[in-house]
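Here's the structure we're looking at; comments come further down.
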Amino acid sequence: MAYEIEKPDEQWRAELTPEEYAVLRQAGTERPFTGEYTDTKAKGVYSCRACGAELFTSETKFESHCGWPSFYDPKDTDAVELVSDTSLGMVRTEVRCARCGSHLGHVFEGEGYPTPTDQRYCINSISLRMEPAGD
């Protein structure tokens, strides 16, 4: 897929820390319960750390106890791209930023979470940057 923001690999490496690059551009995963936003309760908007696109809001963030920030819906339906992921010998749905194609995490359905969508967007903190809401 062609993205609105496309950069050569060398430019992504220069703009991102090695840890950010490993997750955002190489589909890595940060260790559970280590991310900056896992337990954040502040109100605001979560954007893609690579390109700044607004992805999720604190309104849809919920405590799933899985070790990563969890949301039940993206900010806008076209903010993220869902891609089949068959790595690790299983079938999952990868979540990418629709603007730059960066890996964010995975979405899971039907787990019985008490949310309006019964979906859990399990997102790496390092893939996000949170802008607190103004007072």
Could you say which residue among GLY89, GLY101, GLY110, GLY105 is touching a Pro at 6+ places or on another chain (Cβ under 9 Å) and not β-branched (Val, Ile, Thr)?
GLY105
Does CYS97 satisfy the criteria of being at negative phi, touching a residue at least 24 places away in the same chain (Cβ under 8 Å), of a type in the set (A, V, I, L, M, F, W, C) and touching a His at 6+ places or on another chain (Cβ under 6 Å)?
no
Quick one: in the stretch 108-123, which of the residues that are of a type in the set (D, E, K, R) and closer than 12 Å to THR93 by Cβ is modelled with the lowest pLDDT?
GLU109
From the list SER84, SER102, pick out the single residue that is over 24 Å from ALA42 (Cβ atoms) and not charged (D, E, K, R).
SER84
With the structure loaded, tell me whether ALA50 is of a type in the set (A, V, I, L, M) and under 16 Å from GLU94 (Cβ atoms) or whether it fails that test.
yes
Only one of (1) of a type in the set (A, V, I, L, M, F, W, C); (2) in contact with an Asp or Glu (Cβ under 6 Å, 6 or more places away or on another chain); (3) within 19 Å of THR115 (Cα to Cα) is not met by LEU55, so which one is it?
(2)
The number of residues in the stretch 54-66 that are at pLDDT 95 or above, more than 14 Å from LYS41 (Cα to Cα) and touching a Pro at 6+ places or on another chain (Cβ under 8 Å) is 1
Restricted to the stretch 92-115, and to residues that are under 18 Å from GLU20 (Cα atoms) and part of a strand (DSSP E or B), which residue is nearest to the chain's Cα centre (by Cα)?
LEU104
Can you name the residue in the stretch 116-134 that is of a type in the set (S, T, N, Q) and in a loop (DSSP other than H, G, I, E, B) and is also farthest from LYS43 (Cα to Cα) among such residues?
THR117
Within the stretch 79-101, tally of residues that are at pLDDT 95 or above and charged (D, E, K, R)
4
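The values are calculated or read from the model by the stated rules, or taken from the named source; none is laboratory data. Everything quoted here is computed from the prediction, not taken from an experiment. Please note: Cβ atoms are built from the backbone with ideal geometry, for glycine as well, and neighbour counts cover all protein chains shown.
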